[in-house]
Amino acid sequence: MRRMLLRKLFVGLCVVLMACCFASMAEAEKGAKPNFIIIFTDDQGYQDLGCFGSPKIKTPNLDKMAENGTRFTSFYSANSVCSPSRAALLTGCYPPRTGVTTVLFPRNKNGLNKDVTTIAQMLKQKDYATSCIGKWHLGHLPGHLPTDKGFDEYYGIPYSNDMTIDPNAALAKDIVLRDGFTLEKMKNVKPSKNKVPLMRNSEVVEYPADQTLLTQRYTAEALKFIRKNKENPFFLYLPHTMPHIPLFASEKFKGKSERGLYGDTIEEIDWSVGEILGTLDELKLSEKTMVVYTSDNGPWQLPGGRGGCAFPLRGFKFGTYEGGMRVPCLMQWPGTIPAGKVCDELISTIDMYPTIAGLAGISTEGQTLDGLDVFGLMTGKTKSPREEFCYFKGTGIQAFRSGKWKLRKAGRKAELFNLEEDISEKTNLAETNPELVDTLSKRMAELQAAIRSKK
Ligand code: MG
């Protein structure tokens with residue numbers, strides 16, 4: 001009897017021990033999956049951070065992020081306007097493969113192609129918690145919203161803040177109406193610029209959105225999401241509405257910078273970054289979290305210095321000179337990404353998808369991607385695998401970079417620049433290098449044929 005009891009006790013102990021062992025194995029596996037945060041500003045110029053040389057905009061938190069991480073100075077957005085740039089970042093493909101090659105408006109009914117996968121959809125394979133907070137701009141109708149594209153939750157404006165509301169938008173029962181709007185008035189609303197809906201998941205919760213509070217609200221939502229998921233792997237995609245025009249800052253930041261309202265919006269975003277990084281530190285998540293900060297495209301060209309600044313780059317948003325697509329980029333991941341380093345090697349937003357897939361242990365086999373896994377470059381262990389980059393305008397390649405050379409074919413005359421010696425694209429070397437122009441033109445045509453538009 002006693003022996004039987006002892007045997008039962010022994011078996012019971014073994015079961016408990018095995019359960020503990022499996023639990024800790026699962027825990028170890030969980031710990032191996034890093035968190036990912038991508039902070040994506042809208043139309044922020046290459047120079048518009050302290051650590052990228054802004055003489056007037058103060059960004060102490062971003063500067064600290066640069067000290068604690070790596071500053072990438074040849075980092076490219078895959079388009080010079082909002083929607084295709086976002087499509088490329090989230091799918092690892094050049095815009096023509098994604099189905100989004102131009103800016104979407106409230107009248108548009110489309111979004112991302114069904115056969116491309118977003119980073120969020122990919123990470124769901126490994127049970128990541130996923131959240132999109134901010135400006136989506138990849139289709140505002142059911143089927144195209146963030147919650148249809150791998151994000152567990154969404155809070156933000158569905159497109160640019162200078163747009164209006166689609167009269168067919170789904171409204172929440174407890175929608176907050178402002179500026180004298182009523183439900184009746186909304187049904188008959190004529191397109192009115194700069195009045196955009198604020199959405200939670202698939203419904204409009206406020207109209208028009210109080211744009212002075214967007215950065216504050218996005219930040220509060222982001223901190224809530226991080227805290228809620230501190231025990232499990234997460235992906236936070238935070239595409240800010242600012243500094244896209246019209247510009248808005250909260251009372252705390254309005255009128256405070258030396259660079260007008262534009263500077264105020266960046267300084268408020270800088271505060272937001274400080275809140276996020278501070279929360280990661282407080283929760284002891286910094287060493288488990290890769291944080292990327294960059295912009296979707298170059299700055300607006302506005303009179304009186306009201307827009308952003310891409311100095312020393314030539315050009316602005318909408319264009320394929322460097323100022324339209326080379327964007328400021330910071331990456332932080334203590335213990336993994338070197339601190340205080342500056343990297344001038346070629347890298348792009350499209351490289352985020354395969355890099356994140358690799359880090360999460362997810363295979364991309366069988367998928368057509370234009371992005372490359374750049375983890376070795378990020379950690380400072382290898383050179384960039386990226387030797388070429390296509391500057392798309394709509395469905396066509398308008399410029400092409402190969403190493404230090406950039407060929408641009410926008411007008412009648414081809415332009416050839418040596419970006420290593422001439423970052424400002426001042427001297428056209430095409431006439432004196434016809435053979436190189438020919439070689440690069442052929443490669444451009446090859447890539448154009450390979451990356452055909454699906455639309
Ligand atoms: Mg933009």
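The values are calculated or read from the model by the stated rules, or taken from the named source; none is laboratory data. Bear in mind the structure is a predicted one, so any value in this text is a computation, not a measurement. Positions of Cβ are generated from backbone atoms using ideal geometry, with glycine treated the same way; all protein chains shown enter the neighbour counts. Side chains included, ligands, DNA and RNA excluded: accessible areas come from the protein's heavy atoms. Shrake-Rupley method; radii C 1.70, N 1.55, O 1.52, S 1.80 Å.
The mean sequence distance of close C-alpha pairs (under 8 Å, at least 6 residues apart), as a share of the length of segment 154-289, puts its relative contact order at 23 percent. When the Cα gyration tensor is reduced to axis lengths a ≥ b ≥ c, the ratio a/c is 1.5 or higher for segment 319-363, and with a/b not above b/c it is classed as oblate. Share of antiparallel DSSP beta bridges in the chain, in percent to the nearest 5? Bridges in the chain that DSSP calls antiparallel: roughly 50 percent. Taking Cα atoms only, the orientation of helix 434-450 departs from the longest principal axis of the chain by about 50 degrees.
Computed over the Cα atoms of segment 355-429, the ratio of the radius of gyration to the Kirkwood radius (Rg/Rh) comes to 1.08. Longest stretch of the chain clear of exposed loop sites (GluC sites (Glu not before Pro), DSSP loop, at most 15 other Cβ atoms within 10 Å, sites excluded): 1-230.
Each DSSP beta bridge with both residues in segment 116-216 is either parallel or antiparallel, and the antiparallel ones are about 45%. Taking a Cβ cut-off of under 15 Å around residue 204, the surrounding Lys, Arg, Asp and Glu residues balance to a net charge of +2, with basic ones at +1 and acidic ones at -1. In terms of its Cα atoms, segment 107-182 spans 46, 24, 21 Å along the principal axes, sorted from long to short. Segment 202-219 and segment 238-286 have their alpha-carbon centroids 15 Å apart. Pop a pseudo-label 7 angstrom from the Cα along the beta-carbon direction at both residue 439 and residue 153 and give the gap in nm to one decimal. Here the answer is 5.4 nm between the modelled labels.
For segment 267-371, the relative contact order comes to 21 percent (Cα pairs under 8 Å, sequence separation of at least 6).
At a probe radius of 1.4 angstrom, the accessible area of segment 352-394 per residue rounds to 43 square angstrom. Positive-end ranking of 310, 433, 276 along the dipole of the chain, with charges on Cβ about the Cα centre, is headed by 276. Divided by 2.2 N^0.38 Å, where N counts the residues, the Cα radius of gyration of the chain comes to 1.05. The fraction of accessible area contributed by carbon and sulfur in segment 215-281 is 52 percent, rounded to a whole number (1.4 Å probe; ligands and nucleic acids excluded).
In summary, the convex hull built on the alpha carbon positions of segment 207-342 has an orientation-averaged projected area of 10.0 nm². Kindly identify segment 278-340 as rounded, prolate or oblate by the Cα gyration tensor criterion: order the square roots of the eigenvalues as a ≥ b ≥ c, call it rounded if a/c is under 1.5, otherwise compare a/b with b/c, prolate if a/b is larger, else oblate. Judged from the Cα gyration tensor, segment 278-340 comes out prolate (a/c at least 1.5, a/b above b/c).
Taking a ≥ b ≥ c as the square roots of the eigenvalues of the alpha-carbon gyration tensor, segment 28-171 is classed oblate because a/c is 1.5 or more while a/b is no larger than b/c. For a straight C-alpha distance cut-off of 23 angstrom, the lysines reachable from residue 383 (same-chain residues fewer than eight places away being disregarded) are 341, 404, 406.
Normalised by the number of residues in the chain, the average gap of Cα pairs under 8 Å and 6 or more apart makes the relative contact order 24 percent.
Sorting 109, 409 on solvent-accessible area from highest to lowest, probe radius 1.4 Å, gives 109, 409. Our Cα-only numbers for segment 207-287 put the radius of gyration and Dmax at 13.8, 41 Å.
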